[in-house]
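The next block holds one structure in the form of structure tokens; read it before the comments.
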Amino acid sequence: MQQPAGHPPGAVRPGQTLDARSRNTAVSVLVADDDVGVAQAFARCLGLWYHLAGVVTTLESLPTAVRLHAPHILVLDLSFADRSSLRILPEVRRVSPATRVVMLTVHTDPVLVEAAFIAGAHGYVSKQADLAELPLAIDEVLLGRSFVSPLVYTHKPDGIPVLAELRPLSRLQPTPRQLDVLRLLRFGYSNGKVAERLGIAVKTVDDHLHDIRELTGISSRALLIRWAEHLMTAPS
């Protein structure tokens, strides 16, 4: 049966179930997650619908794996222990520019979603979503479009979709001293002023900001401040 125009071969069309999906071995997928069990589980599922290029469980080996396999799709977790994969995403895009990146993560903070797209992601899927959402996201980015999990969105009374409020950030939890630094950044203090207020060296403030960026993957100071505002105003 011929596929409707605008859908990749094997795509899940609106109203269609995963059982009706045909396998598309022309599309290769690489899965990267620091939890070996989770990575293998998603790899088994994706292997039913695409050619599985492999599984990666460390950030250090990710650029080499992407260069070696040059997959059509990289399904990438955001958190690798105390590091964010967004920090290495530009290098991944550099070694394989044609690879499309779909983030698959528990984190649905809208600032992190924005940071992911700035870093080079093409899709963003929540691990809490229905399993059918992941191949839908892959199909969308293969068509050159972007995809954001509906779980990241809510709706105003007038029906306009907006980014949802901050969800729990799981492992993305700053230390008490890092929170002190973030609080002062929100008030517009420079690193020097932050150091003065906290009674620490400017180098120590710089180190805290470096660690926060490693944790979140957010490079932009403005986005980092917005993330801090979400973090500190979110209901516990």
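The values are calculated or read from the model by the stated rules, or taken from the named source; none is laboratory data. Computed from a predicted model, the values in this text were never measured in an experiment. When the accessible area is computed, the model is the full protein with side chains, heavy atoms only, and any ligands, DNA or RNA have been set aside. Shrake-Rupley method; radii C 1.70, N 1.55, O 1.52, S 1.80 Å.
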(message) Using the Karplus curve 6.51 cos²θ - 1.76 cosθ + 1.60 with θ = phi - 60°, what ³J(HN,Hα) values do you get for each residue of segment 215-225, in whole Hz, with x for Gly and Pro?
(response) 5, 9, x, 8, 8, 5, 5, 5, 5, 4, 5
(request) Enumerate the amide H contacts of residue 124 below 5 Å, restricted to partners 5 or more residues apart or on another chain; note that Pro and chain-start residues carry no placed amide H. (result) 103, 147, 148, 149
(message) In whole Hz and in residue order, list the ³J(HN,Hα) couplings for segment 96-103 that follow from phi through the Karplus curve 6.51 cos²θ - 1.76 cosθ + 1.60, θ = phi - 60°; x for Gly and Pro.
(response) 8, x, 7, 6, 9, 10, 10, 6
(message) Per residue, how large is the accessible surface of segment 14-142? Use a 1.4 angstrom probe and give square angstrom.
(response) 39 Å²
